[in-house]
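Just below is one structure, and these are the notes that go with it.
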Amino acid sequence: MTTSDSIRMEKLCYSVGGRTILEDFDFHLERGVNRTILGVSGAGKTTILKLLLGLLEPDSGSVYIGDLCITGLPESRFMNQRKRIAIVFQGGALFDSMTVGENVGYRLFEEGCLSQNEISTIVSEKLSFVGVEAALDLYPAELSGGMKKRVAIARALAADPDYIFFDEPTTGLDPIGVYNICNLMLRLQAEGKTTLMVTHDLVTAFATSQRFTFLHQANMLFEGTEEEMKASSTPEVREFLQPTDRSLFI
Amino acid sequence: MNPAVFDKILLTFFHELQNYFLLAGRAVMRAFHRPFYYREFAVQFDKLGFSSLFICILTGLFSGMVMALQSLIQLKPFAATSYVGGMVAVTMIKELGPVLASLMVAGRVGSAITAELGTMVVTEQVDAMRVEGTDIIKRLVVPRLKAMLLALPLLTVVTDAISILGGYIMSAGYSINPIMYISGLPQFMVFQDLIEGIVKPAVFGAIIAITGCYVGLNTKGGAEGVGAAAKQAVVLSSVMILISDFFIAKIFVVFRG
């Protein structure tokens, strides 16, 4: 595995309003290894995704997409590298003023390389993949939470990225919605996409990822497989996993 | 006040000022580069400009009427009511038309721009656009800036024209000869005043657009943050309009000699 097949951050520090979110944080996402970042709410999980995408500027340290260090570069300089990554935001982040079809085809319209017909074909294909092809002409306000997330996945897929980031993809969904999203993630992985998910939902995490990172108070407390995590003796990790151990309930 | 606190306030102020002018500079530079987002420009021109027409007509009509009324009362003892048309025209075209129309539009449009962009920020739509490869200044700021640069001078011309009509209606009510009112319109004005009456709203339009976008794109928090940002944008752009009005007027006075 070469560095051009990975996204990583080295010795990264990030703080907001005097509060340290990440401190000397190292993280490595290799192509083909699906990973989940776990941690309680406010641990800085979403911040990691935004730093990896260059949406936030760290206080110190570096972020690499492939071989390119994007820290300190203007967005226009790493736009091509970032096109290898797509993200599904927590609330979907669909553009309110556009229909579902326009949302999914947004990047393709922006790039202007394809004809209207070609874009329409890709949009239909992606919507069909996530199972919401009937919503083509609806606006985001007319969709349910689960549909919004599926449309957001379709939008992420439109530009055929190598990596897809998921920010709390199952939060607020009913069990069937969670099952559908997990299935979609597994299908994407089968198609060769590498997924990075941040969540505190252990069921989804263990169903879709091979490696896990646990964040606690600006530091990485654990990195490893599901088995290693369950066997971890770190008190914070044990405490995080405890609610899944039904024998602990009285 | 503790010097450290004062230092911090000053530092924050200059930092914000620098970022404000940085956004304005970038928007101006990118206004000349592709893609031009014509559709977005048309949508914004309609939303920000055309839909403010009614409020500008109302503002112009009543401010013209009140200007004529006050002038008539003041001029009558001197038997100088023939100057009322000229007074209304010069006051409205040079000063009140641009300022009143801009303040009205700042209240209506400035808050709308900020609320729209602020909502996009807090719902991560702006981040999503950036990830999709969009230059948000070109996509979100430039069309609004262009729309306001074009719309506000046009709205001001309408406001000026309606205010002169309002003055005419009021003067007719006070038995002023219509011919006298109309022929008196240009008597206090020179061509430079018309230029001033167009330059001012163009500058104010840019202030409203840039302030709305700047505050909107820096919105933090949820719905409460959006509300606070909208309020801040209106206050900030109104104050900036009044301050810049003085300096533009001063510049024109200097050039007039």
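Just to confirm a number: summing +1 for Lys and Arg and -1 for Asp and Glu over residues other than B:LEU185 whose beta-carbon lies under 15 angstrom from that of B:LEU185, what do you get?
In short, -1.
Sort B:ARG144, A:ARG19 so that the residue with the fewest other Cβ atoms within 10 Å of its own Cβ comes first and the one with the most comes last.
A:ARG19, B:ARG144
Give me the angle, in degrees from 0 to 90, between the Cα long axis of helix B:191-217 and the longest principal axis of the Cα atoms of chain B, rounded to the nearest 10.
Helix B:191-217 and the main axis of chain B meet at about 30 degrees.
Which entries of A:LYS11/A:LYS50; A:LYS50/B:LYS146; A:LYS126/B:LYS138; A:LYS83/A:LYS126; A:LYS50/A:LYS83 have Cα-Cα distances beyond 19 Å here?
Cα-Cα > 19 Å for A:LYS50/B:LYS146; A:LYS126/B:LYS138; rest within.
For peptide A:99-112, what's the mean number of Cβ atoms from other chains within 10 Å of each residue's Cβ? Please report the intermediate quantities before stating the final value.
Values: counts 0, 0, 0, 0, 2, 0, 0, 5, 5, 1, 1, 7, 2, 2.
Counting Cβ atoms of other protein chains within 10 Å of each residue's Cβ and averaging gives 2.
Please list, in order along the stretch B:29-43, the HN-Hα scalar couplings obtained from phi with the Karplus expression 6.51 cos²θ - 1.76 cosθ + 1.60 (θ = phi - 60°), rounded to whole Hz, x for Gly and Pro.
Calculated HN-Hα couplings, in order: 4, 7, 5, 9, 10, 5, x, 9, 6, 4, 5, 4, 4, 5, 4 Hz.
Could you give the size of the charge dipole of the stretch B:38-256 about its Cα centre, using +1 on the Cβ of each K and R and -1 on the Cβ of each D and E, expressed in debye and rounded to the nearest 20?
Working: 15 positive and 13 negative charges, 46 e Å.
Roughly 220 debye for the stretch B:38-256.
Add +1 for every Lys or Arg and -1 for every Asp or Glu among the other residues with Cβ under 12 Å from the Cβ of A:LEU68, and state the total.
Net charge around A:LEU68: +3.
When the C-alpha atoms of the protein assembly as shown are aligned to their principal axes, what extent does each axis show, in angstrom, from largest down?
100, 62, 50 Å, listed from the longest principal axis down.
Under a point-charge model restricted to the Cβ atoms of Lys and Arg (+1) and Asp and Glu (-1), what is the dipole moment magnitude of the protein assembly as shown relative to its Cα centre, in debye to the nearest 20?
In total the dipole reaches around 1400 debye.
Over chain B, what is the mean sequence separation of C-alpha contacts under 8 Å (at least six apart), divided by residue count, expressed as relative contact order in percent? Display every interim value, and only then the final one.
Details: 347 pairs, mean separation 82.7, N = 257.
Here the relative contact order equals 32 percent.
Exposure proxy check: B:CYS213, A:CYS69 ranked by fewest other beta carbons within 10 Å?
Ordered from fewest to most neighbouring Cβ atoms within 10 Å, B:CYS213, A:CYS69 come out as A:CYS69, B:CYS213.
As I understand it, the dipole of the stretch B:38-256 uses +1 on the Cβ of Lys and Arg and -1 on the Cβ of Asp and Glu, about the Cα centre. Which of B:LEU152, B:VAL215, B:PHE78 lies farthest toward its positive end?
Comparing the listed Cα positions along the dipole, B:PHE78 ranks first.
For a test of the definition: using alpha carbon positions, the gyration tensor, and the 1.5 limit on a/c, classify the stretch B:38-256 as rounded, prolate or oblate.
It is prolate, given that a/c is not under 1.5 and a/b is the larger ratio.
What are the residues whose amide H is under 5 Å from the amide H of A:THR71, where those residues sit 5 or more places off or on another chain and H is modelled from the backbone?
A:VAL63
Shape verdict for chain A, please, from the Cα gyration tensor: rounded (a/c under 1.5), prolate (a/b greater than b/c) or oblate.
Here chain A falls in the oblate category.
Decide, for the stretch B:89-165, between rounded, prolate and oblate: order the square roots of the alpha carbon gyration tensor eigenvalues as a ≥ b ≥ c, take rounded if a/c falls under 1.5, and otherwise choose prolate if a/b is larger than b/c, else oblate.
Working: a/c = 4.98, a/b = 2.81, b/c = 1.77.
Judged from the Cα gyration tensor, the stretch B:89-165 comes out prolate (a/c at least 1.5, a/b above b/c).
With label points built 7 Å along Cα→Cβ from the Cα atoms of A:TYR179 and B:SER175, find their separation and express it in nm.
Between A:TYR179 and B:SER175, the label points sit 9.0 nm apart.
Run the helix sum for chain B: -39,500 (n - 2.57) per DSSP H stretch of 4+ residues, divided by residue count, reported at 222 nm to the nearest 500 deg cm²/dmol.
Value at 222 nm, helices only: -25500 deg cm²/dmol.
Grab the DSSP H runs of chain A that are 4 residues or longer, score each as -39,500 (n - 2.57), total them, divide by all residues and round the 222 nm result to the nearest 500 deg cm²/dmol.
-10500 deg cm²/dmol
Using only Cα atoms, tell me the angle between helix B:111-122 and the longest principal axis of chain B; keep it within 0 to 90° and round to the nearest 10.
Tilt of helix B:111-122: around 0 degrees.
For the stretch A:160-207, what number results from the quotient of the Cα radius of gyration and 2.2 N^0.38 Å?
1.08
Just counting partner chain Cβ atoms within 10 Å, what average do the residues of peptide B:131-139 show around their Cβ? All intermediate terms of the calculation are to be shown ahead of the outcome.
Numbers: counts 18, 16, 11, 5, 4, 1, 0, 0, 1.
Going residue by residue through B:131-139 and averaging, the value is 6.
Using the Karplus curve 6.51 cos²θ - 1.76 cosθ + 1.60 with θ = phi - 60°, work out ³J(HN,Hα) for each residue of the stretch B:79-87 in order, rounded to whole Hz, and write x for Gly and Pro.
6, 10, 5, 5, 8, 4, x, x, 5
No lab work stands behind these numbers, since they all come straight from the coordinates. This one's a predicted model, so the numbers in the text were calculated from it and none came from an experiment. Note that each Cβ is placed from the backbone with ideal geometry, even for glycine, and that neighbours are counted across all protein chains shown.
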